[in-house]
Amino acid sequence: TSRERGANRFTCSRRKVFWDKVRELVRAGHTSLTAIDLISNVYRNKSVTQIINAMLKDKRRNTWPSDLRV
C-alpha cells in the first residue's frame, strides 16, 4: 500500500547517510567491512539509531570525526 511505501522510504532515507559514508570510504580504498568497522569504532557503544542520528548531525554540520574524513 502507499502507506507502507512511505514508511519504507523514510527508513531507507534515514539509513542513506550510513551507506553514503561506506561508499565514500570504499572509494577511498577501504573494503566494505573495514569501512563498517571504522564507523562502528568511531560511534562505539551506541545503538544503530544513535549512530544514524550522530552521522546525520555530523553530515549537517560537516564535522565528520577524523577517522571518517576522506
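The values are calculated or read from the model by the stated rules, or taken from the named source; none is laboratory data. Since the model is a prediction, treat every value here as computed from it, not as a measurement. Methodologically, a virtual Cβ is constructed for each residue, glycine included, from the backbone with ideal geometry; neighbour enumeration extends over all protein chains shown. Side chains included, ligands, DNA and RNA excluded: accessible areas come from the protein's heavy atoms. Shrake-Rupley method; radii C 1.70, N 1.55, O 1.52, S 1.80 Å.
Of note:
- Filter pass, Thr34 being open to solvent by 50 Å² or more (accessible area, probe 1.4 Å) and under 13 Å from the mean Cα position of the chain (by Cα): no
- Taking the listed residues Arg27, Arg23, the one that is more than 21 Å from Cys12 (Cα to Cα), among the charged types (D, E, K, R) and surrounded by 10 or more Cβ atoms within 10 Å (Cβ to Cβ) is Arg27, with no other qualifying.
- Within the stretch 15-43, the residues that satisfy the criterion of being at pLDDT 95 or above and among the basic types (Lys, Arg) are Lys21, Arg23, Arg27.
- Annotation: of all residues in the stretch 37-56 being without any contact (Cβ under 8 Å) to a residue 24 or more places away in the chain and under 11 Å from the mean Cα position of the chain (by Cα), the one that is surrounded by the most Cβ atoms within 10 Å (Cβ to Cβ) is Tyr43.
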